[in-house]
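In what follows, a single structure is set out as structure tokens and then discussed.
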Amino acid sequence: MSDQTAPLPAAPALDGIAEDLRRPVGQGLTRPRRYREQQLDALIRMLQQNLSLWESALAQDLGKSEVEAHLSEIAFTIGEAKLARRQLWRWMLPTPAPLPLALQPALGKVVPEPFGATLVIAPWNYPLQLALGPVVGALAAGNAVLLKPSEVAPATSALLARLVPAYLDPLTVRVIEGGVPETTALLEQRWDLIFYTGNSLVARIIAEAAAKHLTPTVLELGGKSPVYVHRSADIPATARRIAWGKWLNAGQTCVAPDYIRVDREVADELVEELRHAIAEQLGDARSSPDYSRIINGKHMDRLQGLLTGGRVVVGGDADDDERYFAPTILTDVDEDAAVMQEEIFGPILPVLPVDGVDAFIDSMQARDKPLALYVFARDREVVRRVERETSSGAVGVNVVVAQYGAKALPFGGVGESGMGRYHGRFSFETFSHRKAVLSKGTAIDTLRLIYPPFTQLRASLTKRIMG
Ligand code: NAD
């Protein structure tokens, strides 16, 4: 494992690339369902025929185990693409729209159409899935797409740059590798939709650049996703589920539980059960093949700095050479410390006692709306209150992270955690403009009623029909 980022190949010319991609969409190349299906089939083949290459790129970037690589990246993305492939005919159908009496006789329909040239900017933590997932939506909806993978996960980025052109139509799908300079150059061009996944500081740069061209943006961001554990919860089961979701990908997951607020009377028991769950799931995490590594030295240092915000009761050890950071639990946490102010995005879990559901709900009022919010309780009234009295991208009840895998649920944030949504049908919707079509024959001209001159009769008829 090395911290070195391989030098990128000379950047291909970026000038006019958005225009080049927009042209075939305008000319109708991507309009037929058959073309879109072929692209989705090609994307599925690209993943299935190169399994060991994808696995080793993910192992190189993040030390991902084979199971995790499939669960959260390869098989996950194949599943998204297959669903789109299967359902495309249905998603592409126009939706009939009921019309008011005043417009009859006529037909109304809502027709999904591609935006044109779309730009997908991906992050490093699930460098395959978060790059190709949006691409599936873009292609299903008939767009051209330029994918800019994260330079922070260089092995996966390089593989995407090598395999995408070998499988997908280069007229409508391109990959440009690179970091800030390349992305900045891309953002100067006019895109028809920008889909960005990453942190909320860069999201502001993206939104500003997009505003210059009035380009719509989807911003898939992160934040501090809390867990509330009520005293009625099944504590051992709660600990097992939280442990899985927190230490998956060594905590580098946008919907990972960031911190826990637990009813004071069960706080010690929860910490003990979490300790037990770590041992049960990962054993000695340092030697476990199932425990991922931290992406780079910069993030190792950042995480080390967060440890000062509380008392380390589990883990806390790290090895820079290996980019290993132990599953770590903090108690006696300072609310003002960095660990409670910024997204942790790593394997550190602060556990803070709280005095009941009211106090938890109050604590959420003062914070940004998170991407996910989790509640563990057997008391249904507590669950109902948390669901109704807080706002977040998603809520998990007695479960963490797994909502991400439900393709019929929209995935996206609200407020500081982002805007827009995708997965399954929502991806198609997000990458489609919904065009309104109203069509009338000319044989019967009921519209005449609203033409001037506005006689008394027309005025009273209009009031009656429209009102
Ligand atoms: P990152 O550093 O890989 O950045 C994301 C992308 O932004 C990269 O492609 C990068 O090249 C580009 N970028 C970086 N700086 C830029 C700049 N100045 N101008 C233009 N482009 C720039 O990833 P990250 O931001 O560290 O990702 C982690 C964050 O992403 C966390 O906040 C996490 O919660 C969030 N995240 C959200 C989701 C989601 O689906 N909602 C998924 C994963 C991660």
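The values are calculated or read from the model by the stated rules, or taken from the named source; none is laboratory data. For clarity, every value in this text was computed on a predicted model and none was experimentally measured. Note that we place each Cβ from the backbone using ideal geometry, even for glycine, and neighbour counts take in every protein chain shown. Each accessible area value is taken on the protein alone, full model and side chains, heavy atoms only, with ligands, DNA and RNA left out. Shrake-Rupley method; radii C 1.70, N 1.55, O 1.52, S 1.80 Å.
Considered as a group, the residues in the range 240-253 that are away from the ligand (no atom under 13 Å from the Cβ) and hydrophobic (A, V, I, L, M, F, W, C) include one that is surrounded by the fewest Cβ atoms within 10 Å (Cβ to Cβ), and that residue is 244. Exactly one residue among 178, 142 is at positive phi and crowded, with 22+ Cβ neighbours inside 10 Å, and that residue is 142.
Among the conditions (1) more than 16 Å from the ligand (Cβ to nearest atom); (2) without any contact (Cβ under 8 Å) to a residue 40 or more places away in the chain, the only one that residue 267 does not satisfy is (2). Looking only at residues in the range 77-110 that are under 25 Å from residue 35 (Cα atoms) and part of a loop (DSSP other than H, G, I, E, B), the one that is least open to solvent (accessible area, probe 1.4 Å) is 92.
Residue count for the range 23-82, restricted to those that are farther than 23 Å from residue 140 by Cα and acidic (Asp, Glu): 4. Scanning the range 186-208 for residues that are open to solvent by 20 Å² or more (accessible area, probe 1.4 Å) and over 18 Å from residue 427 (Cα atoms) yields a total of 11.
Taking the listed residues 18, 102, 42, 11, the one that is touching a helix residue (DSSP H, G or I) at 6+ places or on another chain (Cβ under 7 Å), modelled with pLDDT of 95 or more and over 30 Å from residue 247 (Cα atoms) is 42, with no other qualifying. When residue 237 is tested against the conditions (1) under 20 Å from the mean Cα position of the chain (by Cα); (2) assigned by TED's automatic domain parsing to the domain that holds residue 274, the lone failure is (1).
On inspection, residue 256 fails the criterion of being open to solvent by less than 30 Å² (accessible area, probe 1.4 Å), within 14 Å of the ligand (Cβ to nearest atom) and assigned by TED's automatic domain parsing to the domain that holds residue 156. Counting only helices (runs of 4 or more DSSP H) that fall entirely inside the range 283-399 and contain at least 2 residues that are at pLDDT 95 or above, closer than 26 Å to residue 198 by Cα and open to solvent by 60 Å² or more (accessible area, probe 1.4 Å), the qualifying elements are 297-306. Among strands (runs of 3 or more DSSP E) entirely within the range 135-230, having at least 3 residues that are farther than 30 Å from residue 266 by Cα and within 11 Å of the ligand (Cβ to nearest atom) singles out 193-197, 217-220. Does the range 402-409 contain at least one residue that is farther than 28 Å from residue 145 by Cα and under 46 Å from the mean Cα position of the chain (by Cα)? Yes, the conditions are met somewhere in the range 402-409.
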